[in-house]
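Asker: Shown below is the structure under consideration.
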Amino acid sequence: MSDGARAVFLALDNAKTQLYHFKAIVIAGMGFFTDAYDLFCITAVTKLIGRLYYFDPATGGQGKLPININNAITGVALCGTLAGQLFFGWLGDKLGRKKVYGITLVTMVGCALASGLSFGSTATSVIGSLCFFRFWLGFGIGGDYPLSAVIMSEYANQKTRGAFIAAVFAMQGVGILFAGAISTIVSKAFMNAFPSQPFSQVNMLSTQPEADFVWRIVLMFGAVPAALTYYWRMKMPETARYTALVEGNHKKAANDMARVLEQDFTVDETSSKAPINPNSSYGFFSKEFVYKHGTQLIGTASTWFLLDVAFYSLNLAQKDVYPAAGLLNKASSMNALEEMYQLSKAMSLIALVAVVPGYWFTVFLVDRIGRFIIQLGGFLMMSILMAILGFKYGYLRGEKNACGPDSKKEFCGGHPIMFAVLYGLNFFFANFGPNSTTFIVPAELFPARFRSTCHGISAASGKAGAIIGAFVVQYYTQDGDSNGIKKAIIGLSVVNLIGFFCTFLVPETKGKSLEELSGEDQDTGRNAEANGRNYRTNVGPESEMV
């Protein structure tokens, strides 16, 4: 490796943790904040939209989205995310992280606002425009996956790199709690301002017309915190590793990092620009890339795919766990806003107790026990917990036919506390496990010129698994029969076990520099010789970073 590049990377790897690192976590994590906010809200929002736009007097039901409409609203965002991960992942390596970073944030903020403004007075027009904007919202969110992970990875020091990347991902937890607070507050405020009787007493009058504002306000509010970070996102300099290794400009990389880290760090070079010789490095589709990184890419993509098949399929139990645990009454015993209020409270409680802690366990432990152990243990625990949940599903949940005609409960005769605990532990070990580590590792393993692309491919594989989990698996269990759900969850236990074994394709990255992991500590030296460049570095004693 050339002296100029070595000095920059050593300074980054050995830099003390400081305020800028925490600022970068917040700035980079806003995409995941928006992602989690949207995913949290959409469950409660779709129930409210069903009451508003799909009440059918002929059926006598309180109004519910048809299966295909509900799948479309949820599915278009996932499809958009998959497309965004691939496109922006590739673009981040071609144009640079910073140039693309602002585009993804503007897309997310604009489409989150537009989702709430979905126009039309008929169900078809409202749902059509909502799906259109949700696709592009997902497209922007998808771009933030590779870019945020790679930017944080390339900014972080070697000792705490895993914790910093995990903290960016943990902004999902902040988004979930924020979404829970907004959904609960808005629905409660409108419920108090526009009271109504339960559906069982007043039929369609239980759906307040003013509720049409509620779901729009909730969806739009998620864009506000993300929009506030736009200025700081634009002020972030390009990462030193991209500038030095991809653009070949070591002096600019050093100057940028000196400004960011607030240190007197300079690199004197015979030339301020060191162009990369395209013939001195292997390409993405080359045999050398396949030989060096092919197995790793298969490992990161397959584990993320298998995780999301199981993780998104947890929604199979979600629609049952709240009523079974007594957190949510029958829909017919509530008015429209009361249902949204109770559902938001129930989801917030599960998130606070089970979902969010898993993220932060990873943040605090990932650089102590390593990515490999956390991912291996997470897959194994999810497999065991899902096996228990699957084999005992009817016993734990209870059955509808066990309830009396006047019961407000959806399921009776089960063991709701144990059911909720097993369900919550699945989420805990997903987040203190592969849901976090599959995000971290692809941002560390690959060379700088392919890092964003490879992370995007791995993330897109995960979203392909999410689409299968959210729709293909759930399609065969939509009638709510406990035997069908039981078989599906047992199958998901096997999926997690396969993920356990695929983890062995992914090496441990704890305690190693990015250049050591990617092999660029050797490649850069060869490239410098091929380009005929000689560098010398002056770092004063007062500017050394330790």
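Asker: Could you tell me the center-to-center distance, by alpha carbons, between region 373-414 and region 306-356 in angstrom?
Answerer: So the two Cα centres are separated by 13 Å.
Asker: Give the peptides 19-27, 136-144 in descending order of average Cβ contacts within 10 Å, highest first.
Answerer: 136-144, 19-27
Asker: Sorted from largest down, give the three principal axis spans of the alpha carbons of the chain, whole angstrom values.
Answerer: 84, 44, 39
Asker: Also: Evaluated at 20 °C with a viscosity of 1.002 mPa s, what Stokes-Einstein diffusion coefficient in µm²/s does region 337-462 have when Rh comes from the Kirkwood expression over alpha-carbon pairs?
Answerer: 126
Asker: Which whole-number value in Å³ per residue fits the convex hull of the alpha carbons of region 90-135?
Answerer: Residue-normalised Cα hull volume stands at 57 Å³.
Asker: Quick one, could you list the DSSP H helices from the chain stretching 24 Å or more along their long axis (Cα atoms) with average Kyte-Doolittle hydropathy of -0.5 or above?
Answerer: Numbers: long enough: 19-53 (48 Å, 0.99); 67-95 (41 Å, 0.84); 97-116 (29 Å, 0.78); 123-155 (47 Å, 0.91); 171-193 (33 Å, 1.21); 295-313 (27 Å, 0.84); 371-391 (30 Å, 1.86); 448-467 (29 Å, 0.14); 482-502 (30 Å, 1.25).
Membrane-span-like by this rule: 19-53, 67-95, 97-116, 123-155, 171-193, 295-313, 371-391, 448-467, 482-502.
Asker: In percent, how large is the relative contact order of the chain, given Cα pairs closer than 8 Å and 6 or more residues apart?
Answerer: For the chain, the relative contact order is 25 percent.
Asker: Could you pull the Cα extents of region 1-152 along its three principal axes, largest to smallest, in whole Å?
Answerer: 77, 29, 22
Asker: Moving on to the next point. State, as an integer percentage, the relative contact order of region 384-507 based on alpha-carbon contacts under 8 Å between residues 6 or more apart.
Answerer: Numbers: 91 pairs, mean separation 40.3, N = 124.
It comes to 33 percent, rounded to a whole number.
Asker: Please work out the average accessible area per residue across the chain, using the 1.4 Å probe convention, and give it in Å². Don't skip to the answer; put the middle values down first.
Answerer: On the way: 21390 Å² over 546 residues.
Result: 39 Å² of accessible area for each residue.
Asker: Shifting gears a bit: With N residues in region 7-83, what two-decimal value do you get for its Cα radius of gyration over 2.2 N^0.38 Å?
Answerer: Dividing the Cα Rg of region 7-83 by 2.2 N^0.38 Å gives 1.89.
Asker: While we're here: Using alpha carbons only, how many angstrom separate the centre of region 7-57 from the centre of region 164-196?
Answerer: 12
Asker: Could you pull the accessible area for residue 86 with a 1.4 Å probe, rounded to 10 Å²?
Answerer: 80
Asker: Taking R0 as 25 Å, what's the FRET efficiency between residue 298 and residue 512 from their Cβ-Cβ distance, rounded to 0.05? Before the final figure, lay out the partial values.
Answerer: On the way: r = 20 Å, r/R0 = 0.81.
Efficiency for this residue pair is about 0.80.
Asker: Which residue, chosen from 71, 309, 223, occupies the Cα position most advanced towards the positive end of the dipole of the chain, where the dipole is computed from +1 (Lys, Arg) and -1 (Asp, Glu) charges on Cβ about the Cα centre?
Answerer: The listed residue farthest towards the positive side: 71.
Asker: Cα-based Rg (one decimal) and Dmax (whole number) for region 186-253, in Å?
Answerer: Computed over the Cα atoms of region 186-253, radius of gyration and Dmax are 24.6, 74 Å.
Asker: So which of 98/292; 47/486; 47/188; 287/510 end up more than 18 Å apart by C-alpha?
Answerer: 98/292; 47/486; 287/510
Asker: Given Cβ point charges of +1 (Lys, Arg) and -1 (Asp, Glu) and nothing else, what value in debye, to the nearest 20, does the dipole of the chain about its Cα centre take?
Answerer: Numbers: 44 positive and 38 negative charges, 79 e Å.
With Lys and Arg at +1 and Asp and Glu at -1, about 380 debye.
Asker: Once you place label points 7 Å from the Cα toward the Cβ at residue 505 and residue 159, how far apart are they in nm?
Answerer: Here the answer is 3.5 nm between the modelled labels.
The values are calculated or read from the model by the stated rules, or taken from the named source; none is laboratory data. Remember, it's a predicted structure, so these values are computed and weren't measured experimentally. Backbone-built Cβ (ideal geometry, glycine too); neighbour counts: all protein chains shown. These area figures cover heavy atoms from the full protein model, side chains too; ligands, DNA and RNA do not enter into them. Shrake-Rupley method; radii C 1.70, N 1.55, O 1.52, S 1.80 Å.
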